[in-house]
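Chemist: Have a look at this one.
The values are calculated or read from the model by the stated rules, or taken from the named source; none is laboratory data. Owing to the predicted nature of the structure, the values given are computational and were not obtained by experimental measurement. Quick reminder, even Gly has a Cβ in these numbers, built from the backbone with ideal geometry, and neighbours come from all protein chains shown.
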Amino acid sequence: SNPSLSNNGLPSVIRKKLMGYVGFANLPNQVHRKSVRKGFQFTAMVVGESGLGKSTLINTLFNTTLYPPKEHLPPSAERPKTVAIESIGAGEFPFVYPSDFCSSIFSRTDIEENGVRLHLTVVDTPGFGDFVNNDDSWKPIVENIESRFDSYLEQENRVNRTKIVDNRVHACLYFIQPTGHSLKEIDIEFMRRLHTKVNLIPVIAKADTMTDEEIGEFKERILSDIAHHNIHIFQAPTYDNEDEETIAEHEEIASKIPFAVVGSDKPVVTPDGREVRGRAYPWGVVEVDNEEHCDFVKLRQMLVRTYMEELREYTNDVLYENWRTEKLMSMGVAQDSTVFKEINPAARMQEERVLHEAKLAKMEAEMKMVFQQKVQEKEAKLKQSEEELYARHKEMKDALEKQRADLEEKKKKIESGRPITPEKNSTGRRKGFLRT
Ligand code: GDP
């Protein structure tokens with residue numbers, strides 16, 4: 001077979017051996033150093049009824065008290081009348097922007113691990129599902145996610161866009177109440193509204209309140225509900241030529257969705273004397289970091305250790321890109337090539353003028369052609385009449401000429417005395433004259 005063609009017939013890369021070390025093998029290290037210096041931006045959102053352990057889980061995930069103690073929150077954030085949106089970061093006192101629909105608390109945390117800086121933002125949605133009527137609970141959340149897309153788009157469109165701050169929500173942890181039944185209407189409605197806009201990661205809250213068997217059955221029902229409603233939850237991508245270990249890890253994480261989690265702020269001591277993160281019960285200790293006890297470790301792997309970059313990438317390449325296309329289309333922008341003139345009225349007018357001028361020129365050319373045709377016809381007609389006139393004139397002239405010639409001849413004969421009609425008498429006298 002042709003070595004320069006791959007299986008699908010496309011030209012394939014020809015591998016060449018280098019004669020010596022060039023240095024581009026160091027490229028990953030360069031990228032690594034640069035990323036470490038710049039740090040990473042990551043925004044996670046938590047959604048679920050209050051008391052499901054959202055703040056506890058976030059603190060457990062990042063092993064820090066990201067959430068300020070609740071009694072320190074301003075009164076307006078404590079009992080929101082509707083779903084509020086709060087961005088939480090450790091150590092900084094949140095600032096509240098009051099608004100009709102939601103209050104937002106902005107603060108950002110930089111956490112560092114082995115020299116790698118993570119600009120982490122956690123967006124909380126207090127009030128979700130806490131009302132008598134929760135029909136529109138999803139609305140302020142969708143609006144918040146979209147306004148973050150808006151802000152990103154606006155930054156991209158700036159003249160100077162070297163310093164884009166990525167505030168887009170990269171993952172949404174959706175807390176399911178550990179009822180053991182199936183998904184509630186509010187859960188389905190929320191996921192249906194949000195799954196095209198954010199990476200959904202469903203978690204079963206406070207899994208320590210259920211037995212392993214109950215959790216297994218609950219997970220099955222949740223997954224079948226999700227499938228039934230065509231809800232897309234985040235699935236880490238798999239790539240070709242990945243090693244077995246990676247594939248196994250991927251499958252293990254995927255098999256745990258929706259993650260049954262347990263959170264804990266305080267260390268507890270196990271009966272065998274170990275100090276662990278967990279929750280103590282009269283019958284024993286539920287350990288957060290023990291994979292036999294809950295799926296916390298797998299969730300952390302999904303969100304932080306293995307797929308944080310995939311979550312960021314999917315947000316940018318798929319979710320944001322789709323939203324952006326839809327947004328621009330709804331603004332009347334058809335295709336990339338027409339973007340400029342659609343959003344630029346001057347360019348649009350210029351194009352309309354050119355079109356109008358072209359139309360006028362075409363009409364003028366047509367009129368000219370018709371005019372010329374008419375003139376030619378007239379000229380031909382005139383020429384014909386002229387010829388006819390000329391022919392008649394010539395005919396008359398010829399006739400007159402002939403008449404004149406005849407008369408001329410007659411005159412000559414008269415003058416020469418000869419009778420007009422020739423006589424038989426050759427003497428030239430008339431018979432009668434001669435006899436007398
Ligand atoms: P939030 O309102 O969703 O942020 O919930 P919190 O994190 O404030 O937790 C509410 C209560 O649930 C607190 O008393 C926590 O100690 C408790 N809690 C948090 N996580 C868990 C958990 O995994 N299991 C159990 N049983 N209780 C939890």
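Chemist: Does segment 242-258 include one or more residues that are closer than 24 Å to G216 by Cα and in contact (Cβ under 8 Å) with a residue 60 or more places away in the chain? Walk me through it before giving the result.
Modeler: As a first pass, look at segment 242-258 and keep what is closer than 24 Å to G216 by Cα: 247-258.
Add one more test, that the residue is in contact (Cβ under 8 Å) with a residue 60 or more places away in the chain, and what stays is 258.
Yes, that holds for at least one residue.
Chemist: Scan segment 168-194 residue by residue and report those that are within 22 Å of the chain's Cα centre (by Cα) and assigned to a loop (DSSP other than H, G, I, E, B).
Modeler: Of everything in segment 168-194, those that are within 22 Å of the chain's Cα centre (by Cα) and assigned to a loop (DSSP other than H, G, I, E, B) turn out to be R168, V169, H170.
Chemist: Now for a separate question. Would a scan of segment 286-295 turn up a residue that is hydrophobic (A, V, I, L, M, F, W, C) and either loosely packed, with under 12 Cβ neighbours inside 10 Å or more than 12 Å from the ligand (Cβ to nearest atom) (or both)? Full working, then the answer.
Modeler: So the first thing to find is which residues in segment 286-295 are hydrophobic (A, V, I, L, M, F, W, C), and the list is 286, 288, 294.
Now restrict to residues that are either loosely packed, with under 12 Cβ neighbours inside 10 Å or more than 12 Å from the ligand (Cβ to nearest atom) (or both): none.
The answer is no; no qualifying residue exists.
Chemist: Pull out all pairs, ordered by first then second residue, where Cβ-Cβ is under 9 Å, the residues are six or more apart or on different chains, the first lies in segment 23-52 and is under 27 Å from V165 (Cα atoms), and the second is of a type in the set (G, A, S) and more than 16 Å from the ligand (Cβ to nearest atom).
Modeler: V36/G115; F42/A171; T43/A171; A44/A171; M45/A171
Chemist: Taking the stated definitions as given, is V276 more than 16 Å from the ligand (Cβ to nearest atom) and either under 34 Å from the mean Cα position of the chain (by Cα) or surrounded by 10 or more Cβ atoms within 10 Å (Cβ to Cβ) (or both)? If you could, list the steps in order and put the result at the bottom.
Modeler: Working: more than 16 Å from the ligand (Cβ to nearest atom): no; either under 34 Å from the mean Cα position of the chain (by Cα) or surrounded by 10 or more Cβ atoms within 10 Å (Cβ to Cβ) (or both): yes.
Taking the combined requirement at face value, the residue does not satisfy it.
Chemist: Something else now. Consider T325 carefully, then state whether it is polar (S, T, N, Q) and either at pLDDT 90 or above or within 15 Å of the ligand (Cβ to nearest atom) (or both). Before the answer, list the steps.
Modeler: On the way: polar (S, T, N, Q): yes; either at pLDDT 90 or above or within 15 Å of the ligand (Cβ to nearest atom) (or both): yes.
So T325 fits the description; yes.
Chemist: Under the condition of being among the hydrophobic types (A, V, I, L, M, F, W, C) and surrounded by 15 or more Cβ atoms within 10 Å (Cβ to Cβ), which residue from segment 315-331 is farthest from the chain's Cα centre (by Cα)? Break it down into steps so the answer makes sense when it comes.
Modeler: Let us first name the residues in segment 315-331 that are among the hydrophobic types (A, V, I, L, M, F, W, C), namely 318-319, 323, 328-329, 331.
Imposing the further condition that a residue be surrounded by 15 or more Cβ atoms within 10 Å (Cβ to Cβ) reduces the set to 319, 323, 328.
On the way: L319: 9, W323: 6, L328: 7 Å.
That would be L319.
Chemist: Can you find a residue that is without any contact (Cβ under 8 Å) to a residue 12 or more places away in the chain and outside any helix (DSSP H, G or I) anywhere in segment 288-305? Show your work before the answer.
Modeler: Keep residues of segment 288-305 that are without any contact (Cβ under 8 Å) to a residue 12 or more places away in the chain, which gives 291-292, 297, 305.
Filter again for outside any helix (DSSP H, G or I), leaving 291-292.
Within segment 288-305, one or more residues are without any contact (Cβ under 8 Å) to a residue 12 or more places away in the chain and outside any helix (DSSP H, G or I).
Chemist: Still on this model: Can you tell me how many residues in segment 229-266 are more than 16 Å from the ligand (Cβ to nearest atom) and touching a Pro at 6+ places or on another chain (Cβ under 8 Å)?
Modeler: Of the residues in that region, 2 qualify.
Chemist: Quick one: how many residues across segment 189-223 are within 25 Å of Y314 (Cα to Cα) and free of Cβ contacts under 8 Å to residues at least 40 places away in the same chain?
Modeler: Of the residues in that region, 4 qualify.
Chemist: While we're on this one: Mind checking which strands (runs of 3 or more DSSP E) fall wholly inside segment 1-118 and carry at least 1 residues that are within 16 Å of the ligand (Cβ to nearest atom) and modelled with pLDDT of 80 or more? Give the derivation first.
Modeler: Working: elements: 40-47, 85-88, 95-97, 104-106, 109-113.
In segment 1-118, 40-47 are the strands (runs of 3 or more DSSP E) which contain 1 or more residues that are within 16 Å of the ligand (Cβ to nearest atom) and modelled with pLDDT of 80 or more.
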